[in-house]
Structure formats: C-alpha cells, structure tokens
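Reading through the structure tokens given below for one structure.
Each reported figure results from applying straightforward, stated rules to the coordinates on display, with no laboratory input. Bear in mind the structure is a predicted one, so any value in this text is a computation, not a measurement. A quick note on method: Cβ atoms are made from the backbone with ideal geometry, for glycine too, and the neighbour counts reach across all protein chains shown.
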Amino acid sequence: MLETTENLIVESLSEALETMAFMTAMPPEEEAPKPTQSVLVNIEFNGPTSGKVELLGGTDFLKALTANVMGIDEDDKEAQSKSIDAFKELVNTTCGVLLPRMASSPAEVFDVTVPQAREFDNTQGWDTFVAQENVTILDVDDYPVAVRLSTTE
Amino acid sequence: MAYNILIVDDSGAMRSVIKRTVEMSGIEVGQYYQADSGKTALETLEKEWIDLVLTDINMPEMNGIEMIEHMAANGLLSSIPVIVVSTEASKTRIKQLKEKGVKGYVHKPFTPEQISNEITKVIGVCHAGND
C-alpha cells in the first residue's frame, strides 16, 4: 500500500513536471546539497479518499521551474516574482493528475483547496519536512525536490 | 476577426502560459484581459467587450463555477463562450460544467496544441451558431 501510494505521487509529479515545465524527475543518484532557502506548498483534497499533497523545493529550483513554465530566462525578474505562484500551480497540477489515478471511477468527485505556501529561510525547514514518514526526495534537473502524499480514508 | 480574450486564473504564471500559448496558436487576438478570480473577471466582463473566456475553476474569492453561474444568469454575458482550463478531471463535474453552458474543457497539464485546438473548436462552433 505504502509503495503504491509513493509510486502514485511520484508518477503524478513526474507527469506534471514534464508537461508543464519540460523537467525530468529521477531518483537521486547521490545526496544533493540541501537548499538553505526553501518553500513548502500543499493542497488538500476531499472525496472518496481525502488527503494532502505537499512539495518542498529550494528557491533555486523554484526559479528554474518558473523560467521553464513561462518560457523565460532564469535571470528574468518574473522568474523570481512568480516563483511561488508557479510552485503552487505545480502542486495543483500534480494533484489534478493524481486524483483520477486514485479514483475507482472517472465519475468520482473530489473537492480541492486552493494551494498554500510557506517559506523557510534556513535548512531547518527542509530537515524537518524530509524527516517525516512517506517523504520521497527526487532529483529534478539536478535540484532536490521532496514530495509527500498523506491520505485518510 | 480579432477576438478579445479574458484569461481567469489565480496563478499569474499560468495566465502568462495560457496567453503565450494562445499567441503561438495563430488565433487573431485584439486584446487580452486577465483576472485573478471569478469576481474580478465579472468586473472586467461588465466593463469590456469580451469574445472568449478561458477560466480556471479552483480560485479564491470566487471560483470558476460561481463565475460561470453568474454569467449564465446574465443575459448579455450568457452568450460569451467559456472554456475551462483546470485540473478537474471528474466526468461528473465536467458534465455539470457543460450543463451550465461551458463550451470547452482543457485538462491541466496541457500542451499548447490542446489549448489551440479547443479554442479553434469553440470559436468555430460559435461562428456556426451565429451564422
């Protein structure tokens, strides 16, 4: 069950990243340096199954993600100013890819919340999040990104 | 004919992506308008001539479904075609959206082709309906 849940969220995040941002998520070959500044985004869903999807990434990853999503240079000021916005959209889209895979029928309805973001300006935020159960760390174009799916029946 | 398009999404990044996708599609656009919620979209619709609305569903303040219901209840606004661009995938909810008058649906994450195909289809359908 645990492995299935982990596979579901990793596959959903991978698909969202590839389609939205042309970025590839891979299992990390070696431990990447943890980001000193990071952002945690989450979205909750309620329906036949309820739960929460959380993503944690460093600010450098967010800039790269935003640049790819918007088709602009990483040095562009919008890559900075819209980075949390783009990261929220990534968790929203990941959840949108995930829910049909969790549903037992395409007719099932889920309600989702508006994505929320929390910023950390030291490594403690990263350390605390990745120490939790069911967290998977992925290598996304050389940036570490942590993901977690929590469900309640 | 150039179309005035209103893009409604609480994500500024996503509004930029949709705008860029429409630009790449070759559809002739007169003016782009943007709104970050259903409420601000309705304010824009009251003030400006809009030919097509592309809207998200999951937004704060007023979500896309509430905005579509307001449009459907307003004589002038009810004739403006709406395409939903959303992560929503439930067939039940998509059917409900179509019953409320939504003309097209694009599931996020989308490719540029999916957006441009849906716009072409909806604009074509609307032309056919007006002829």
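Calculate, axis by axis, the spread of Cα positions in the stretch B:7-112 along the three principal axes, and write the results as whole Å, longest axis first.
Reported extents, whole Å, longest axis first: 33, 32, 24.
Arrange the following residues from fewest to most other Cβ atoms within 10 Å of their Cβ: B:110, A:87.
On the way: B:110 18, A:87 27.
By the 10 Å Cβ count, ascending: B:110, A:87.
Please report the base-10 log of the normalised intensity I(q)/I(0) for the stretch A:1-142, using a Debye sum with one equal scatterer per alpha carbon and no solvent, at each q in 0.13, 0.14 (1/Å).
Relative scattering, expressed as log10 I(q)/I(0), comes to -0.56, -0.66.
Which angle from 0 to 90°, rounded to the nearest 10, does the C-alpha axis of helix A:2-21 make with the longest principal axis of chain A?
Tilt relative to chain A: about 50 degrees.
Once the Cα atoms of helix A:59-70 and of chain A are each reduced to a long axis, what angle between those two axes, in degrees from 0 to 90 to the nearest 10, is obtained?
Helix A:59-70 sits at roughly 80 degrees to that axis.
Filter the DSSP H helices in chain B by two things, a Kyte-Doolittle mean of at least -0.5 and an axial alpha-carbon span of 18 angstrom or more, and list the hits by number. Don't skip to the answer; put the middle values down first.
Details: long enough: B:12-25 (20 Å, -0.04); B:112-130 (27 Å, -0.12).
Once both thresholds are applied, what remains is B:12-25, B:112-130.
Could you derive backbone 3J(HN,Hα) for the stretch B:101-109 from the dihedral phi with the Karplus parameters 6.51, -1.76 and 1.60 (θ = phi - 60°), listing whole Hz in sequence and x where the residue is Gly or Pro?
In residue order, the calculated couplings are x, 5, 8, x, 9, 10, 8, 7, x Hz.
More than 23 angstrom separation, counting every C-alpha pair in the protein assembly as shown; what % is that? If you can, show how the numbers build up before the last one.
Details: 21604 of 40186 pairs.
Here the long-distance tail beyond 23 Å is 54 percent of all Cα pairs in the protein assembly as shown.
Over 28 Å between Cα atoms, which of A:63/B:95; A:63/B:103; A:77/B:98; A:77/B:19; A:63/B:98 qualify?
A:63/B:95; A:63/B:103; A:77/B:98; A:63/B:98
GNM on chain B, C-alpha springs below 10 Å: top fluctuator among B:64, B:26, B:12?
In this elastic network of chain B, the residue with the biggest mean-square fluctuation among B:64, B:26, B:12 is B:26.
Over 25 Å between Cα atoms, which of B:47/B:91; A:88/B:108; A:88/B:47; B:47/B:121 qualify?
Correct reply: B:47/B:91; A:88/B:47; B:47/B:121.
If you place +1 on the Cβ of every Lys and Arg and -1 on the Cβ of every Asp and Glu, how big does the dipole about the Cα centre of the stretch A:2-152 come out, in debye to the nearest 20?
Computed charge dipole of the stretch A:2-152: roughly 540 debye.
Just the Cα atoms of the stretch A:16-77: what Rg and Dmax do they give in Å?
14.2, 43
For A:50, A:38, B:16, which order do you get if you count the other beta carbons within 10 Å of each Cβ and list the fewest first?
A:50, B:16, A:38
Would you tell me the mean number of C-beta atoms belonging to other protein chains that fall within 10 Å of each C-beta in B:104-110, as a whole number?
4
Averaged over peptide B:12-25, how many Cβ atoms belonging to another chain are found within 10 Å of each residue's Cβ? Numbers along the way, then the final one.
Working: counts 7, 18, 10, 2, 9, 7, 0, 0, 3, 1, 0, 0, 1, 0.
If you average over the peptide's residues, the count of other-chain Cβ atoms is 4.
Excluding residues on the same chain fewer than 8 positions from residue A:82, give the aspartates and glutamates whose Cα lies under 15 Å from its Cα.
A:60, A:73, A:74, A:119, B:9, B:10, B:36
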